[in-house]
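**Q** Here it is, the structure in full.
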Number of protein chains: 2
Amino acid sequence: MFRTAELGRTVSKEDFEAVADTLRIEMVELQQHLRTCDFPVIILFAGVDGAGKSETMNLLNEWMDPRWIVTRAYAEPSEEERERPLFWRYWRDLPARGKIGLFLSAWYSQPLLDRAWNRIGEAQFDERLSRVATFEKELADDGALILKFWMHLGRKEQKKRLKTLEKDPHESWRVTERDWKHWEMYDDFITASERLIVQTSMAHAPWQIVEGLDPRYRSLTVLTAIRDAARRHMDSQKMRKRLVTTLDSRQKKQAPAAAEVATPAAAAASADPVGTAILSRMPSILSSLDMARSYDKKDYAEQAQIQRARLNGLQRRARAEGVSSILVFEGWDAAGKGGAIRRMTAGLDARDYQVIPVAAPTDEERAHHYLWRFWRHLSRAGRVTIYDRSWYGRVLVERVEGFATQEEWKRAYSEIRDFEEQLIEHGSVLVKYWFHITKEEQHERFKQRESIAYKRWKLTGEDWRNREKWDAYETAVNEMIERTSTHTAPWTLVEANDKRHARVKAMETFCDALEKRLG
Amino acid sequence: MFRTAELGRTVSKEDFEAVADTLRIEMVELQQHLRTCDFPVIILFAGVDGAGKSETMNLLNEWMDPRWIVTRAYAEPSEEERERPLFWRYWRDLPARGKIGLFLSAWYSQPLLDRAWNRIGEAQFDERLSRVATFEKELADDGALILKFWMHLGRKEQKKRLKTLEKDPHESWRVTERDWKHWEMYDDFITASERLIVQTSMAHAPWQIVEGLDPRYRSLTVLTAIRDAARRHMDSQKMRKRLVTTLDSRQKKQAPAAAEVATPAAAAASADPVGTAILSRMPSILSSLDMARSYDKKDYAEQAQIQRARLNGLQRRARAEGVSSILVFEGWDAAGKGGAIRRMTAGLDARDYQVIPVAAPTDEERAHHYLWRFWRHLSRAGRVTIYDRSWYGRVLVERVEGFATQEEWKRAYSEIRDFEEQLIEHGSVLVKYWFHITKEEQHERFKQRESIAYKRWKLTGEDWRNREKWDAYETAVNEMIERTSTHTAPWTLVEANDKRHARVKAMETFCDALEKRLG
């Protein structure tokens, strides 16, 4: 989940300054516009110390009019506060409609600390988070726009950052012994943070993970995200109000109000809002892969044999112990998923596995929830189920092609996490592969398929059309990995320009996962 | 919560037969209409054994076309089922769009049994229920209409019912030793059931508690509820679809589709649907109160003195131990809330209490979530906060007068429960009074107020206008009590036709609650 925020993204001074003035004006105008809206904006910053939480809050206060902003950070509860229920102080500080509230960690701070220090167990942590989720749900139901930014730094980067601050005589006060203690506990914090984000990232109050290394990058990311979300929210609030009015007037048996068409704030803004272009040039988790990885023929033969033997032994144990495995193969067209699956199954007993090719749903499947068809294929104890494409279609092809509405595919991230959690709780091994090839390599392979008679059937007009949407797919894949790669159900990114490397890596990863599960 | 389903409601044979044919035709037509809709209907029955769960499911199958109904009851998981995650069998059985699924207990059965038998603790129970809630949320998000009926019987009625079944040679097989064991555990089941209902009653999947004593009453209740909910759902799905289409076409920067006006299925049906009239004549929790309760002057003087002294002593202890109390006074206009509050505070130290009269919100309050103004008034440790009217205004006056939309006041039940849960978790004593007078008594009092000069200010045109909406208010009050009277935060219904009785009962109830809390 956090790997996608450790890519060293930076924005140059020139790039930043080229958009800063426009963006600043936009933010001020936005704020003025918000003052006339009847919902509050709640923006929360949390994350790794040193990743720029307070700096970003300061910037927002500097760039906008602080008279319409409530800024709150919390220390240990005062006596006054301890005498009331925990959330009293947060309720008290909520911004009124038309205003913006900036919150530093706030209601997330104590649960996270308590969990990282192991003062509470996982079940208690979940209970505390569920209270938080209910709180935010109630505010969102009341119309509030809620945005949450998780500012992230890798372990090494955090150390560097703390050192730098310590050396600066004006800043050294910021670094306390407690900060260093927390740095030592980095892994505990990360584990707890991931769970926190998974449990409290809702469509109405989503977390956005922001790489906190470079001040210009993180500022641009946060500011444009606030701007775009606020514009969308203004639109949807207008629409919702009209719907409620119409429904209500029907309940009261009056004639429905004539539906007027509001000027959508988002559409009114330029099609390519300021800052977007710069951010789209930033490296992604996919672009950070080392695509040169390869095996020569001899090494491959050797490695493939080793892994196949390993797999065979491990799966026999898994079968005996009743441990099921679920393998998910996703990837670009022509990335070699099918070939890798065949190499994998060559190491397995035919009675032990089942390959489920996932194409367009059948009529019966279409008449159910989109997860239904994956539930029904879950195999019995001790078997391997291989999905050639999977439930991730919801956030890939269905998103890009518009088969699912935005509301639907955004909701799907948590639905998928919930589904996978049930698989894992049941004791199954879950391995998810993304087979990655470069755009050039794909072109090469398409051309090759066209020229080889027995491969020609594999290539359709569909493939060429999908290729045209490469960028949209890439965005979707990056977001999918960010949102659904968790500690318990991580994505394995397979560098697949070299088929040999890809096949060995796929087998090896599965073997490692089986070995870990079987102990 | 269950008291409202122990009122001995019955529907006579004549009444039932007068509507049965029409209702039956409506149900068949509804089913045919549903077949063309693109959402499934999921109807779940749970509750006390012998309260008519299976009988009602059978009736639905008899009255509608079973070809379009999936009916499912579950035994212990089979080997096949144990080899997959718990919810596999439920996913597998979900009805397709256009069909109806009838489920007996299903996903609620095991958590409830495990909790009642104390095989799991409360935290684990909550976790299991939260998985259930997520499951239903995903289905509802996908468009499903979910209705859940909790069939209830009081302890004595259940015994009687089991005895009757045992005596009947054709039915005796239905009663097992396990049923009798469960009957002995009645209270454990009720406690667990209440928590189950509170945790899983959502706007998109509400529980309706049905008194299960009389087959005709419960059939009529369930059938009309299904009919009305299905009609509303068809309407709202149509509206939602239009909204999504419009929003989506905007995102895609196309011109929004011209909003056509659909024929609302609910409005098309008659204004007073079949069966509604009979059900509205049924006794309610309010109508079951013994309004003759009273004290003569001497008894009152004595009792009032005893309770006042008791209150004084208890509150001094509460103050010393830092235990706060929150008293909520709700009731009809002129029911004597103010007088009871003054008698109560006469027993308290002026530094210890605060009376919050709740009228229309201020501008500042209106600019926040409706619960905000109640949060801000929470007093410090050891004090008594008395709300003269309260957050319940949301589901009373705001509901009846249309100040809150249906979506808003329906959501409020769980928001309120959540708020009160936080007060109780914090260690506060919470007492909620509903001051009940008959409509005749109110008329009497209004007339009296008009004629006494120093009381005339109390009576406004508003009061007479509210009185005209007595029935709408009564419906709202009954529902409020059903949904928010829980084991930890029960409503105290005060028979207030006699002011003396009401004042003593109010004080006594508070004293009992304080005593219980202070141990």
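**Q** With B:60, B:129, B:139, B:113 as the choices, which residue is surrounded by fewer than 17 Cβ atoms within 10 Å (Cβ to Cβ), assigned to a helix (DSSP H, G or I) and modelled with pLDDT of 90 or more?
**A** B:113
**Q** Further question on the same structure: Conditions: (1) part of a loop (DSSP other than H, G, I, E, B); (2) modelled with pLDDT of 95 or more. Residue A:44 meets all but one. Number of the miss?
**A** (1)
**Q** Still on this structure, I have one more. Sort through A:200, A:176 and tell me the only one that's more than 19 Å from residue A:118 (Cβ to Cβ) and in contact (Cβ under 8 Å) with a residue 24 or more places away in the chain.
**A** Answer to the check: A:200.
**Q** Exactly one of these conditions fails for residue A:161: (1) within 14 Å of chain B (Cβ to nearest Cβ); (2) surrounded by 20 or more Cβ atoms within 10 Å (Cβ to Cβ); (3) out of contact with any helix residue (DSSP H, G or I) (no Cβ under 8 Å at 6 or more places or on another chain). Give me its number.
**A** Every listed condition holds for residue A:161 apart from (1).
**Q** Would you be able to tell me the number of residues in the range B:435-460 that are in contact with a helix residue (DSSP H, G or I) (Cβ under 7 Å, 6 or more places away or on another chain) and within 30 Å of residue B:516 (Cβ to Cβ)?
**A** 1
**Q** Just to check your reading of the model, which residue among A:95, A:77 is crowded, with 21+ Cβ neighbours inside 10 Å, more than 26 Å from the chain's Cα centre (by Cα), within 14 Å of chain B (Cβ to nearest Cβ) and not in a helix (DSSP H, G or I)?
**A** Just a single option satisfies the conditions, and that option is A:95.
**Q** Could you grab the pairs with beta carbons closer than 6 Å, sequence gap of 6+ or different chains, first residue in the range A:281-309 and surrounded by 14 or more Cβ atoms within 10 Å (Cβ to Cβ), second one in a loop (DSSP other than H, G, I, E, B) and among the polar types (S, T, N, Q)?
**A** A:291/A:438; A:291/A:497
**Q** Among the numbered criteria (1) free of Cβ contacts under 8 Å to residues at least 60 places away in the same chain; (2) more than 9 Å from chain A (Cβ to nearest Cβ); (3) among the small types (Gly, Ala, Ser), which one does residue B:402 miss?
**A** (2)
**Q** Can you tell me which of A:56, A:134 is closer than 30 Å to residue B:383 by Cα and not basic (Lys, Arg)?
**A** Only one candidate qualifies: A:134.
**Q** Could you check, for the range A:325-333, whether at least one of its residues is free of Cβ contacts under 8 Å to residues at least 40 places away in the same chain, touching a strand residue (DSSP E or B) at 6+ places or on another chain (Cβ under 9 Å) and either of a type outside the set (Phe, Trp, Tyr) or under 22 Å from residue A:425 (Cα atoms) (or both)?
**A** No, every residue in the range A:325-333 fails to be free of Cβ contacts under 8 Å to residues at least 40 places away in the same chain, touching a strand residue (DSSP E or B) at 6+ places or on another chain (Cβ under 9 Å) and either of a type outside the set (Phe, Trp, Tyr) or under 22 Å from residue A:425 (Cα atoms) (or both).
**Q** With the requirement that a residue be free of Cβ contacts under 8 Å to residues at least 40 places away in the same chain and either of a type in the set (Gly, Ala, Ser) or part of a helix (DSSP H, G or I) (or both), what does the range A:443-457 give you?
**A** A:443, A:444, A:447, A:448, A:450, A:451, A:453, A:454, A:455, A:456, A:457, listed by residue number.
**Q** Determine, yes or no, whether residue A:83 is more than 14 Å from chain B (Cβ to nearest Cβ) and either surrounded by 18 or more Cβ atoms within 10 Å (Cβ to Cβ) or more than 24 Å from residue B:363 (Cβ to Cβ) (or both).
**A** Here the answer is no, as residue A:83 does not meet what is asked.
**Q** Would you check which residues across the range A:66-77 are among the acidic types (Asp, Glu) and at pLDDT 90 or above and list them?
**A** Those that are among the acidic types (Asp, Glu) and at pLDDT 90 or above: none in the range A:66-77.
**Q** Between A:38, A:49, which is within 14 Å of another protein chain (Cβ to nearest Cβ), in contact (Cβ under 8 Å) with a residue 24 or more places away in the chain and not in a helix (DSSP H, G or I)?
**A** Answer to the check: A:38.
**Q** Please go through the range A:376-401 and give me each residue that is of a type in the set (A, V, I, L, M, F, W, C), under 13 Å from residue A:430 (Cα atoms) and in a loop (DSSP other than H, G, I, E, B), ordered by number.
**A** A:378
**Q** Across the range B:346-375, what is the number of residues that are in contact (Cβ under 8 Å) with a residue 24 or more places away in the chain, within 17 Å of residue B:327 (Cβ to Cβ) and assigned to a loop (DSSP other than H, G, I, E, B)?
**A** Result for the range B:346-375: 6.
**Q** For the range A:178-192, name all the residues that are at pLDDT 90 or above and either more than 30 Å from the chain's Cα centre (by Cα) or among the basic types (Lys, Arg) (or both).
**A** Across the range A:178-192, the qualifying residue is only A:181.
**Q** Oh, and also: Could you please find all residues in the range B:98-110 being within 14 Å of chain A (Cβ to nearest Cβ) and surrounded by fewer than 19 Cβ atoms within 10 Å (Cβ to Cβ)?
**A** B:98
**Q** Going residue by residue through the range A:16-35, is there one that turns out to be within 26 Å of residue B:365 (Cα to Cα), within 14 Å of chain B (Cβ to nearest Cβ), out of contact with any His (no Cβ under 6 Å at 6 or more places or on another chain) and surrounded by fewer than 17 Cβ atoms within 10 Å (Cβ to Cβ)?
**A** So far as the range A:16-35 goes, yes, one or more of its residues are within 26 Å of residue B:365 (Cα to Cα), within 14 Å of chain B (Cβ to nearest Cβ), out of contact with any His (no Cβ under 6 Å at 6 or more places or on another chain) and surrounded by fewer than 17 Cβ atoms within 10 Å (Cβ to Cβ).
**Q** Could you tell me which residue of the range B:80-92 is nearest to residue A:427 (Cα to Cα), considering only residues that are in a helix (DSSP H, G or I) and free of Cβ contacts under 8 Å to residues at least 24 places away in the same chain?
**A** Filtering the range B:80-92 for residues that are in a helix (DSSP H, G or I) and free of Cβ contacts under 8 Å to residues at least 24 places away in the same chain, the one nearest to residue A:427 (Cα to Cα) comes out as B:82.
Residues checked against (1) part of a strand (DSSP E or B); (2) farther than 30 Å from residue A:405 by Cβ:
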residue	(1), (2)
B:101	yes, no
B:109	no, yes
B:119	no, yes
B:133	no, no
B:148	yes, no
B:156	no, yes
B:169	no, yes
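**Q** Also: Inspect the range A:355-367 for any residue being on the phi > 0 side of the Ramachandran plot and surrounded by 17 or more Cβ atoms within 10 Å (Cβ to Cβ) and give the result as yes or no.
**A** no
**Q** For the range A:123-140, enumerate the residues that are more than 7 Å from every other protein chain (Cβ to nearest Cβ), in contact with a helix residue (DSSP H, G or I) (Cβ under 6 Å, 6 or more places away or on another chain) and of a type in the set (D, E, K, R).
**A** A:128
**Q** For the range B:471-512, which residues satisfy the criterion of being surrounded by fewer than 18 Cβ atoms within 10 Å (Cβ to Cβ) and either small (Gly, Ala, Ser) or outside any helix (DSSP H, G or I) (or both)?
**A** B:472, B:486, B:487, B:488, B:490
**Q** Taking the range B:412-461 as the region of interest, how many residues are surrounded by 15 or more Cβ atoms within 10 Å (Cβ to Cβ) and either away from chain A (no Cβ under 14 Å) or more than 31 Å from the chain's Cα centre (by Cα) (or both)?
**A** 15
**Q** Moving on to the next point. State the number of residues belonging to the range A:192-227 that are more than 12 Å from chain B (Cβ to nearest Cβ) and part of a helix (DSSP H, G or I).
**A** Of the residues in that region, 21 qualify.
**Q** Scan the range A:133-160 for residues that are among the hydrophobic types (A, V, I, L, M, F, W, C) and within 20 Å of residue A:483 (Cα to Cα) and jot them down.
**A** A:133, A:146, A:147, A:149, A:150, A:151, A:153
**Q** Let me ask another. Check off (1) loosely packed, with under 14 Cβ neighbours inside 10 Å; (2) away from chain A (no Cβ under 14 Å) for residue B:335 and give me the number that stays unchecked.
**A** With (1) loosely packed, with under 14 Cβ neighbours inside 10 Å; (2) away from chain A (no Cβ under 14 Å) applied to residue B:335, the lone miss is (1).
The values are calculated or read from the model by the stated rules, or taken from the named source; none is laboratory data. Small disclaimer: the values here were computed from a predicted structure and weren't measured. Glycine gets a Cβ as well: all are built from the backbone with ideal geometry, and neighbour counts include every protein chain shown.
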